[in-house]
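Novice: Below you will find the structure I want to go over with you.
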Amino acid sequence: MARAEKARAVVLGSRPLGEADRIVRLFTRELGRADAVVKGVRKTTSRWGGRLEPFNVVDLLLHPGRSLYTVTQAQLVDVFAHLRSDREGLTAAAIVCEAAAGLTPQHEPEVRVFALLRNSLRQMDRGFAGRAVQSPLVLGVLLKLLHEAGYLPVLDQCAACGSGGRILGFSAARGGLVCGDCSAEAVPITPEAVTALLEGISLPLAELRTRPASPGVGEALRDVHQLYAYHTGARLRALRSAAAG
């Protein structure tokens, strides 16, 4: 019988399994991204309480199976109670957790991604101004996740020709900002959005949290979403839903 594994995890999300169980999607510090069964969690008499709700940080004991782990113990580490009382905070958390799941392979430890994800939720729990889809904090987290995955957009020169010409567009296929000569397949970009992209990469999350939401950030976030979709083949449902709302 395989030995149980101890892991600290961010709960990314969950889905029902049968009548009483759930499958939780986890990002763990020790095992990377992993899915696990939680037996009996949907029963009214469940012993799990709210410990395995999305966005919690938990210490787990996981028993490996053929394709899924099984959670046998769970202890709360972080709950982020303020975040749960704020609609935009929940939206922001859903966006970054979905992005982390989409950008990381299963069972490959990524300690830096785990730390980034936990710190992101901690900052969101402290509150930010405006809508999640125009938040410098959300934009910064997505850019930093793309950086960890090796997909950081080119922002210091034209991604197509390498020149330092005037930047007029953003191209997901080219991998970043493009100049006027290379902008035929790009979407136009404003100087405000370029500034938001540069700040999202360079500034720490704590500083991004205090920056005001703006249309320029929203524009930059749409461009980064296109880049995410280009590399993963999928769009972020949480972001699309929030943008449409």
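The values are calculated or read from the model by the stated rules, or taken from the named source; none is laboratory data. Only a predicted model underlies this, so the values are computations on that prediction, with no experimental measurement involved. Every residue, glycine among them, receives a Cβ derived from its backbone with ideal geometry; neighbour counts consider all protein chains shown. When the accessible area is computed, the model is the full protein with side chains, heavy atoms only, and any ligands, DNA or RNA have been set aside. Shrake-Rupley method; radii C 1.70, N 1.55, O 1.52, S 1.80 Å.
Novice: Taking the residues in the range 135-183 that are under 30 Å from Arg122 (Cα atoms) and β-branched (Val, Ile, Thr) as candidates, determine which candidate is surrounded by the most Cβ atoms within 10 Å (Cβ to Cβ).
Specialist: Val138
Novice: Now for a separate question. I'd like to check something: does the range 143-158 contain any residue that is touching a residue at least 40 places away in the same chain (Cβ under 8 Å) and among the β-branched types (Val, Ile, Thr)? Please lay out each step first, then the result.
Specialist: First, pick out the residues of the range 143-158 that are touching a residue at least 40 places away in the same chain (Cβ under 8 Å): 143-149, 151-153, 155.
Applying the additional criterion that residues be among the β-branched types (Val, Ile, Thr) yields none.
Within the range 143-158, not a single residue is touching a residue at least 40 places away in the same chain (Cβ under 8 Å) and among the β-branched types (Val, Ile, Thr).
Novice: Exactly one condition in (1) under 19 Å from Ala93 (Cβ atoms); (2) among the hydroxyl-bearing types (Ser, Thr, Tyr); (3) open to solvent by 30 Å² or more (accessible area, probe 1.4 Å) is not met by Tyr228; state its number.
Specialist: Among (1) under 19 Å from Ala93 (Cβ atoms); (2) among the hydroxyl-bearing types (Ser, Thr, Tyr); (3) open to solvent by 30 Å² or more (accessible area, probe 1.4 Å), Tyr228 violates only (3).
Novice: Can you pull out every residue in the range 60-100 that is in a helix (DSSP H, G or I) and surrounded by fewer than 16 Cβ atoms within 10 Å (Cβ to Cβ)?
Specialist: First, pick out the residues of the range 60-100 that are in a helix (DSSP H, G or I): 81-84, 87-100.
Listed by number, the residues that qualify are Ala81, His82, Arg87.
Novice: Report yes if some residue within the range 12-25 is in contact with a Gly (Cβ under 9 Å, 6 or more places away or on another chain), closer than 28 Å to Gly245 by Cα and not small (Gly, Ala, Ser); otherwise report no. Outline the logic, then answer.
Specialist: Within the range 12-25, the first condition is being in contact with a Gly (Cβ under 9 Å, 6 or more places away or on another chain), and the residues that meet it are 20-21, 24-25.
Filter once more, so that each one left must be closer than 28 Å to Gly245 by Cα: 24-25.
Remaining after also requiring not small (Gly, Ala, Ser): 24-25.
Scanning the range 12-25 turns up at least one residue that is in contact with a Gly (Cβ under 9 Å, 6 or more places away or on another chain), closer than 28 Å to Gly245 by Cα and not small (Gly, Ala, Ser).
Novice: Something else about it: Within the range 42-59, take every residue that is in contact (Cβ under 8 Å) with a residue 40 or more places away in the chain and of a type outside the set (S, T, N, Q) and give me the one that is most open to solvent (accessible area, probe 1.4 Å). Steps first, answer last, please.
Specialist: Of all residues in the range 42-59, those in contact (Cβ under 8 Å) with a residue 40 or more places away in the chain come to 52-59.
Next, only the ones that are of a type outside the set (S, T, N, Q) stay: 52-55, 57-59.
Values: Leu52: 15, Glu53: 89, Pro54: 34, Phe55: 22, Val57: 0, Val58: 0, Asp59: 50 Å².
By that ranking, first place goes to Glu53.
Novice: In the range 115-130, how many residues are surrounded by 16 or more Cβ atoms within 10 Å (Cβ to Cβ) and among the polar types (S, T, N, Q)?
Specialist: Within the range 115-130, residues that are surrounded by 16 or more Cβ atoms within 10 Å (Cβ to Cβ) and among the polar types (S, T, N, Q) number 2.
Novice: Quick one: Arg22 ticks every box in (1) open to solvent by 20 Å² or more (accessible area, probe 1.4 Å); (2) in a loop (DSSP other than H, G, I, E, B) except a single one, so which number is it?
Specialist: (2)
Novice: Given the criterion modelled with pLDDT under 95, hydrophobic (A, V, I, L, M, F, W, C) and within 24 Å of Val141 (Cβ to Cβ), identify the matching residue among Val113, Val96, Val79. Give the steps one after another, and end with the answer.
Specialist: On the way: Val113 fails: modelled with pLDDT under 95; Val96 fails: modelled with pLDDT under 95.
Criteria check complete, one pass: Val79.
Novice: With respect to Arg112, is the statement that it is in a helix (DSSP H, G or I), open to solvent by 30 Å² or more (accessible area, probe 1.4 Å), out of contact with any Lys or Arg (no Cβ under 7 Å at 6 or more places or on another chain) and of a type in the set (D, E, K, R) true?
Specialist: Numbers: in a helix (DSSP H, G or I): yes; open to solvent by 30 Å² or more (accessible area, probe 1.4 Å): yes; out of contact with any Lys or Arg (no Cβ under 7 Å at 6 or more places or on another chain): yes; of a type in the set (D, E, K, R): yes.
When the stated conditions are applied, Arg112 passes them.
Novice: Here's something else I'd like to know. Taking the range 75-94, which residues are in contact with a strand residue (DSSP E or B) (Cβ under 9 Å, 6 or more places away or on another chain), more than 11 Å from Pro54 (Cα to Cα) and of a type outside the set (A, V, I, L, M)?
Specialist: Once the filter is applied, which keeps residues that are in contact with a strand residue (DSSP E or B) (Cβ under 9 Å, 6 or more places away or on another chain), more than 11 Å from Pro54 (Cα to Cα) and of a type outside the set (A, V, I, L, M), the range 75-94 yields Gln75, Asp78.
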